[in-house]
Every structure is written in structure tokens, then in C-alpha cells.
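Trainee: Let me give you the structure first, and then I'll get to my questions.
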Amino acid sequence: MTPPILATEDLTVRFGGHVAVDAVTCAFRAGELTAIVGPNGAGKTTYFNLISGQIPASAGRVLLRGRNISGQSVSHRTRAGIGRAFQLTNLFPNLSVLENVRLVVQAKAGQGFNLLSMASRHAELTDAAEGILARVRLLDNRDQVVSELSHGNQRKLEVALLIALDPDVYMFDEPTAGMSVDEAPVVLELIAALKEQKDRTVLLVEHKMDVIRTLADRIIVLHNGALAADGPPAEVMASDVVQEAYMGRELEDV
Amino acid sequence: MKAVLSGDMPRSVPLTLILGVILVCLALAPFLFPGVRTVDTAARICIFVVLVASYDLLLGYGGIVSFAHTMFFGIGAYGVALASTHMGRGFDALLVGSVAGAGVAAALALVIGLFSLRVRAIFFAMITLAVASAVAVLVSQLSGLTGGEDGLTFQTPRALGPAFKFGDELFGVKLNGKLLAYYLIFLGSLILFLLMLRVVNSPFGRVLQAIRENDFRAEAIGYRVVHYRVAATCLSAAVAALAGSLYAIWLRYVGPDTALSMEIMIDILLMVVIGGMGTMYGAVIGATLLVIAQNYLQNLMGVASGVVDGLPVLPELLSADRWLLWLGVLFILSVYFFPTGVVGRLRARK
Ligand SMILES: Nc1ncnc2c1ncn2[C@@H]1O[C@H](COP(=O)(O)OP(=O)(O)O)[C@@H](O)[C@H]1O
Ligand SMILES: [Mg+2]
């Protein structure tokens with residue numbers, strides 16, 4: 001088996017007395033799509049925050065390609081290959097849709113400290129950004145200011161920024177929540193395409209069972225911040241802990 | 001044209017016209033408005049446009065509040081004064097003083113930035129206030145070097161003085177060194193302004209805007225936010241220092257009141273807000289409006305109070321001593337009616 005690209009060891013965070021993520025040890029491999037499930041407040045988003053570095057861990061480590069990255073900044077981890085789409089849309093609200101994506105393309109191209117050329121003349125950046133917008137079906141909105149975009153389209157743009165970043169490890173936090181039935185498939189197709197690519201690692205927080213069934217290679221269950229189950233979808237879904245705690249309620253009715 | 005303006009067109013007909021008129025007036029000021037006072041006003045406008053533009057890079061594009069901008073301006077001014085005093089008058093002294101001033105300003109900004117921008121933006125604002133006050137005190141204490149409260153009077157190259165003649169008259173304007181000095185100021189300011197315009201429209205400028213909008217996400221797409229903020233602070237400080245150098249060259253004098261006072265800091269804030277933050281062109285409008293108001297509002301009010309002489313209360317209100325009050329009223333009104341500044345307002349009308 002290939003060595004894991006990303007691993008967490010006893011990863012823990014406490015907020016006051018509350019343990020939001022509780023000693024989670026888990027490894028993720030390239031080409032693997034892992035669904036992370038659990039009821040609201042289980043610690044899924046917080047687990048992501050610890051991996052991408054928004055929150056420092058109280059204990060435990062995050063390893064990327066075997067190297068401990070626990071002390072590193074968010075931007076460092078991003079450049080090292082960990083990318084994130086946020087559950088609560090987190091964009092550049094007064095810039096255009098195109099500019100939002102172009103900022104990501106520009107970051108990847110290492111052009112951020114270019115002070116003396118005109119940004120609008122960098123056709124290669126604009127073209128790449130337009131390519132991404134076409135893939136999420138937002139090309140018609142390219143010149144719109146983000147704050148004027150519909151909620152569903154903002155969610156799509158949130159995903160577009162991650163696709164533009166094209167990291168080794170993709171982390172999607174409820175990417176289709178708040179999208180209409182005709183918007184969600186675009187995003188799910190993109191995630192399926194990543195899986196086809198075989199060399200990307202995808203972590204997906206998702207509530208919809210049918211989505212998990214079609215996409216996931218593996219499911220991990222978080223319960224009160226702790227890892228409650230981990231295995232192939234059929235096995236995890238059949239397990240007692242999931243049947244009792246989630247299958248009947250949260251997973252189905254969200 | 002597009003490349004000169006870095007693709008950042010005024011995007012509004014009235015704005016284009018106003019900017020065009022200001023440019024022509026400044027370019028031809030010695031010929032259109034001959035007179036010591038008017039040419040002095042024009043030079044002051046040029047210099048403040050650069051100073052305010054460099055502040056806008058920080059505040060309007062970077063979202064960083066600094067109270068040390070006058071200090072950087074002063075460092076450039078003192079740089080030229082000290083170099084001219086110790087090296088003797090000459091263009092070499094002007095160059096050395098300007099470059100050294102800009103270098104010292106950038107280095108100081110680097111230290112302040114690395115020390116405080118890591119923490120929080122508000123911390124940076126407080127630190128700049130403290131450092132600026134400390135430097136102002138230091139300058140007045142080190143009177144052996146800086147001339148203390150009296151400042152330094154120095155000589156600029158002969159070619160920039162009124163005694164130097166390079167021709168007779170052109171359209172009734174004496175062709176002397178003072179004219180050359182004005183054009184040195186004008187061209188220096190124009191180049192620095194266009195440089196700022198380029199920087200805010202460069203990939204770097206886009207990152208600054210992204211950081212202002214959402215620093216959390218900027219970090220999450222891979223930008224080292226602190227590095228960009230520090231770089232913007234250094235660049236802005238260096239340009240402010242160069243504006244200070246131009247000011248010193250123009251006045252042939254530097255002192256705490258002209259180059260370091262908190263009043264100048266307040267003027268910069270007013271200019272950037274009235275003109276419109278995050279637009280660069282706002283610096284042109286804000287600086288022009290305020291410098292003219294400061295120079296002529298007092299006179300105008302003196303005249304007005306003469307006209308209403310004899311009526312109750314009015315002469316008292318319009319007395320020239322009350323001009324600051326009226327400037328304050330103008331400021332409040334303009335912020336109330338044009339929250340996005342004159343430029344934002346003109347652009348929104350379409
Ligand atoms: N910054 C924080 N400070 C305090 N408590 C937090 C913070 N972030 C998350 N929590 C708490 O941690 C728990 C897990 O939250 P979260 O990770 O958002 O859950 P999920 O994404 O699984 O719905 C919740 O009880 C939440 O209130
Ligand atoms: Mg969540």
C-alpha cells in the first residue's frame with residue numbers, strides 16, 4: 001500500500017473544557033475519497049480547521065507526506081498542498097467573480113509579488129480563471145460582483161476557488177449545502193472527476209446518503225469529536241453505531 | 001494611454017474632465033497663474049497628491065491604518081535637508097538625501113511592520129502613533145543635528161534658485177531656476193503617482209485588495225498575508241519619504257511644523273477620505289480640494305465677513321479665524337453625502 005499523504009495522530013482540540021476534536025488518528029491516501037459524517041456539532045469542521053491550520057491543535061500532530069506540519073501557517077500548508085472549501089461561504093465579496101478565481105490562479109503562479117506589470121495584461125491568468133469558471137458553469141457571471149451573486153452561485157464559486165487551487169488534498173465542507181437541485185450536480189460531477197484522476201486525495205463532509213454511496217471509497221464517523229467508525233461504506237453504514245446514532249435520523253433527513 | 005494609467009481608467013466622464021483640468025492646471029501653473037503664492041499652492045498640491053496616494057495604497061488598498069505617514073514624509077524631507085547641509089548644495093546632495101530618506105523610511109516601516117503587523121491591524125495603528133510621536137520628540141530634542149524647533153534652512157542647487165536665469169521671458173513668465181524647481185516637483189510627483197497607480201493595478205495590488213476584503217481567505221489560498229502587508233507598508237513609506245524630499249527641495253527649508261506635525265497626518269486622512277479611498281484618483285481630488293481650501297478659504301471668509309459687516313452673528317461666524325470650523329463642517333457634510341468619496345460618487349453615477 002502507498003504511504004499516506006495526509007495523516008492525523010491523536011489530533012485534539014479543546015475549547016475551554018469542551019473537547020471538540022478528541023484524539024483522532026486517521027490516515028488518507030492519494031486517489032482515495034473519504035466521506036466524513038456525523039451530526040451537527042460532531043467536530044467535522046473543526047477537524048478540517050486543525051488540518052488546514054486555521055486553529056492550532058491542543059495536542060497531537062498533522063503529517064503531510066510524513067512531515068509534521070502542525071506548527072505551520074495556513075498559507076504554508078496551502079502551498080504545500082492542502083486546499084479547503086469552506087462550509088460558510090468565504091469569498092472576496094467586493095471583487096468580481098473572475099477576480100476571485102484569478103487571485104487563486106495568480107497565487108499558484110507565484111505572481112503575487114509582481115509589482116510593476118498590469119494584472120489585466122496577464123492573459124494566461126485570466127484564461128486559466130475563465131477555464132475554471134466554465135467548469136462550474138459560472139462563466140456568464142464572470143464580471144458580477146460576488147456580493148450580488150445568488151447564494152447558490154456563491155457556493156459554486158466557493159468550490160471553484162478550491163478547484164483553481166488544485167491541491168493534492170481537497171477538503172470539501174458540505175459543498176452542496178444550500179444549492180438547488182440543478183446546481184448541486186455540477187459540483188458533484190467535479191468531485192467525481194477528481195476521484196477519476198486517481199492522484200488526488202479528497203475529504204468530503206456530506207450529509208446526503210445517496211451522494212456518499214456513489215462517491216465515497218471510505219466513510220469515517222465523528223461522534224462528539226472522536227472517531228466512532230472507519231471503513232468501507234457498506235460496512236460503516238451497516239455498523240451498529242451508525243445505524244443507531246445517525247442513519248435513522250440526521251443523515252437521512254438533512 | 002491605457003498603459004500609462006495601468007488600465008485603471010477614470011470610468012466616468014465628469015471625473016475624466018476634472019482630472020484633465022487638474023492635470024492641465026498643474027502642468028501649466030506657472031503660466032496660467034503666475035504669482036509666488038499660486039505657484040506655491042500648485043507645488044503643494046503636486047506633493048500632497050503623491051503623499052495621499054501613498055497613504056491610499058496602505059489604507060484604501062491594504063486596509064491598514066497608520067498614523068506614521070507624516071513621519072515617513074518628514075524622514076524624506078530631513079534626508080534632503082541634512083544631505084544638502086553636510087554635502088553642500090548640489091544635485092548629488094538632493095539625490096543622496098532622497099534615496100537615503102526613502103531607504104531609512106522603508107527600513108523603519110519594515111521594523112514596525114514585522115513587529116506589529118503579525119499581531120493585529122489595530123496594534124499596528126497604535127505602534128505607528130507611538131513611533132511617530134517619539135520621532136517628533138527626538139527631532140526637536142536633537143537640535144544640534146536637526147535644528148530642533150527652528151528646523152533647517154539649506155541651499156538647493158543654483159539651477160533651482162530664482163537667481164539662475166536660462167532665458168528671458170516666455171509668455172511673460174521669467175525663465176529662472178524657480179520655474180525649473182516647479183517642473184522638477186511636478187514631474188517627480190507625476191512619475192511617483194503613475195508608479196502608485198501601476199502598483200495598485202499590478203498582481204501585487206490585487207493581492208492587497210484581496211487581503212483587505214478577506215485576509216482569512218487570502219491566507220487560505222496561499223498568500224502570506226503578513227509579508228504583503230509589510231511590503232505595502234515599506235513601499236508606501238518610501239514613496240511618502242520621496243514626497244517629503246520633493247517638499248524640502250521646494251521649500252528649501254524643513255522643520256517639525258512643515259514635515260512632521262500631526263496636523264499633516266490629519267490633512268492626509270481628510271484628503272484620502274474626501275477624495276475616495278481605494279481609488280488613487282481620489283488622492284488627486286482630495287489633495288487639490290483641501291490644499292486650495294486651506295490656502296484660500298481663510299481669504300474668502302475674510303471677504304465674506306466684510307460683506308456681511310453690520311449684520312448680527314454672521315460676521316462673527318464668517319470671521320477668518322473660524323475657517324477650521326467650516327472645514328470641519330465641509331468634511332462632515334462630504335462624508336455624509338459621499339461616503340465613498342468624490343471619486344466613488346462620480347463613478348457610481350455612470
Ligand atoms: N472556535 C470555537 N470556539 C469554541 N467552540 C467551538 C469553536 N469551533 C467549534 N466549536 C465547537 O466545537 C463543536 C464542533 O463544531 P463543528 O466542528 O463546527 O461541528 P460540525 O462541523 O461537525 O457540525 C461544536 O460544539 C462547536 O460549538
Ligand atoms: Mg460543520
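The values are calculated or read from the model by the stated rules, or taken from the named source; none is laboratory data. Keep in mind that this is a model prediction, so the values were computed, not measured. Cβ sites come from the backbone with ideal geometry, for glycine too, and all protein chains shown count toward neighbours. We work out accessible area using only protein heavy atoms, side chains counted, and drop any ligands, DNA or RNA first. Shrake-Rupley method; radii C 1.70, N 1.55, O 1.52, S 1.80 Å.
Trainee: Among the aspartates and glutamates, select those whose C-alpha is under 14 Å from the C-alpha of B:Lys165, and discard any that sit fewer than 8 residues away in the same chain.
Mentor: Once the sequence-local aspartates and glutamates are set aside, nothing remains near B:Lys165.
Trainee: Give me the inter-chain shielding for B:194-204: mean count of other chain Cβ atoms within 10 Å, whole number please. Please report the intermediate quantities before stating the final value.
Mentor: Numbers: counts 0, 2, 0, 0, 4, 2, 2, 5, 12, 17, 9.
What the average comes to for B:194-204 is 5.
Trainee: Would you please calculate the Kirkwood hydrodynamic radius of region A:92-166 over all C-alpha pairs and express it in Å, rounded to one decimal? Please list the in-between numbers first.
Mentor: On the way: mean 1/r = 0.0815 Å⁻¹.
After inverting the pairwise mean of 1/r, the radius is 12.3 Å.
Trainee: Listed here are the pairs B:Lys2/B:Lys178; A:Lys108/A:Lys156; A:Lys44/A:Lys108; B:Lys2/B:Lys174; A:Lys44/A:Lys195; which of them are more than 24 Å apart at the Cα? Mind dumping the intermediate values first?
Mentor: Values: B:Lys2/B:Lys178 33 Å; A:Lys108/A:Lys156 20 Å; A:Lys44/A:Lys108 27 Å; B:Lys2/B:Lys174 35 Å; A:Lys44/A:Lys195 21 Å.
Violating the 24 Å limit, Cα to Cα: B:Lys2/B:Lys178; A:Lys44/A:Lys108; B:Lys2/B:Lys174.
Trainee: Also: Could you give the spread of the C-alpha atoms of region A:162-204 along their three principal axes, from largest to smallest, in whole angstroms?
Mentor: 30, 18, 17
Trainee: Over the Cα atoms of region B:106-223, what radius of gyration and what Dmax do you get, in Å?
Mentor: Final numbers for Rg and Dmax: 22.0, 64 Å.
Trainee: Continuing with this model, one more query. Relative to the first principal axis of the alpha-carbon coordinates of chain A, what is the inclination of helix A:184-197, with its axis defined by its Cα atoms, in degrees from 0 to 90 and to the nearest 10?
Mentor: Around 80 degrees separate the two axes.
Trainee: Now, a different point. For peptide A:103-112, compute the average count of partner chain beta-carbon atoms within 10 Å of each residue's beta-carbon. Walk me through the intermediate numbers first.
Mentor: Values: counts 11, 6, 1, 8, 7, 2, 1, 2, 5, 14.
Mean inter-chain Cβ contacts per residue within 10 Å come to 6.
Trainee: Mind checking the angle between helix A:97-108 and chain A's longest principal axis? C-alpha axes, 0 to 90 degrees, to the nearest 10.
Mentor: 80
Trainee: State, in angstrom, two size descriptors of region A:111-153 derived from its alpha carbons: Rg to one decimal place and Dmax to the nearest whole number.
Mentor: 12.7, 37
Trainee: Could you work out, residue by residue across A:116-124, how many beta carbons of other chains sit within 10 Å of that residue's beta carbon, and then give the average as an integer? Each step should come with its number before you reach the end.
Mentor: Working: counts 7, 6, 11, 11, 7, 6, 3, 0, 0.
Going residue by residue through A:116-124 and averaging, the value is 6.
Trainee: Find, to one decimal place in angstroms, the Kirkwood hydrodynamic radius of region B:6-72, where the mean of 1/r is taken over every pair of different Cα atoms and then inverted.
Mentor: Working: mean 1/r = 0.0715 Å⁻¹.
Evaluated over region B:6-72, this radius sits at 14.0 Å.
Trainee: Kindly rank B:271-284, B:326-339, A:149-162 from highest to lowest mean number of other beta carbons found within 10 Å of each residue. Walk me through the numbers before you get to the answer.
Mentor: Values: B:271-284: 26.5, B:326-339: 13.4, A:149-162: 21.6.
The most tightly packed comes first, giving B:271-284, A:149-162, B:326-339.
Trainee: In debye, nearest 20, what is the charge dipole magnitude of chain B about its Cα centre with +1 on Lys and Arg Cβ and -1 on Asp and Glu Cβ, if you could check? Present the calculation step by step, with values, prior to reporting the outcome.
Mentor: Numbers: 23 positive and 17 negative charges, 222 e Å.
So the magnitude is around 1060 debye.
Trainee: Cα-Cα pairs above 38 Å in the protein assembly as shown: how many percent?
Mentor: Numbers: 80782 of 182106 pairs.
Tail of the P(r) past 38 Å holds 44 percent of the pairs.
Trainee: Please report, in whole Å³, the volume per residue of the convex hull around the C-alpha atoms of chain B.
Mentor: Values: hull volume 57.2 nm³, N = 350.
Normalising the Cα hull of chain B by residue number yields 164 Å³.
Trainee: Could you work out the local net charge near A:Asn114, counting Lys and Arg as +1, Asp and Glu as -1, over the other residues with Cβ closer than 12 Å to its Cβ?
Mentor: Summing Lys and Arg as +1 and Asp and Glu as -1 gives +3.
Trainee: Roughly how tilted is helix A:151-165, in degrees to the nearest 10 and between 0 and 90, from the longest Cα axis of chain A?
Mentor: 90
Trainee: Report B:Glu169's accessible area, 1.4 Å probe, all protein chains in place, as a number in Å² to the nearest 10.
Mentor: 110
Trainee: Filter the chymotrypsin sites (Phe, Trp or Tyr not before Pro) in region B:150-198 down to the DSSP loop ones having no more than 16 other Cβ atoms within 10 Å, then list what survives.
Mentor: Answer by residue number: B:Phe164, B:Phe171.
Trainee: Show me the ranking of peptides A:89-98, B:218-227, B:75-84 by mean Cβ neighbours inside 10 Å, starting with the highest.
Mentor: Details: A:89-98: 19.6, B:218-227: 22.6, B:75-84: 28.2.
Ranked from most to least packed, the peptides come out as B:75-84, B:218-227, A:89-98.
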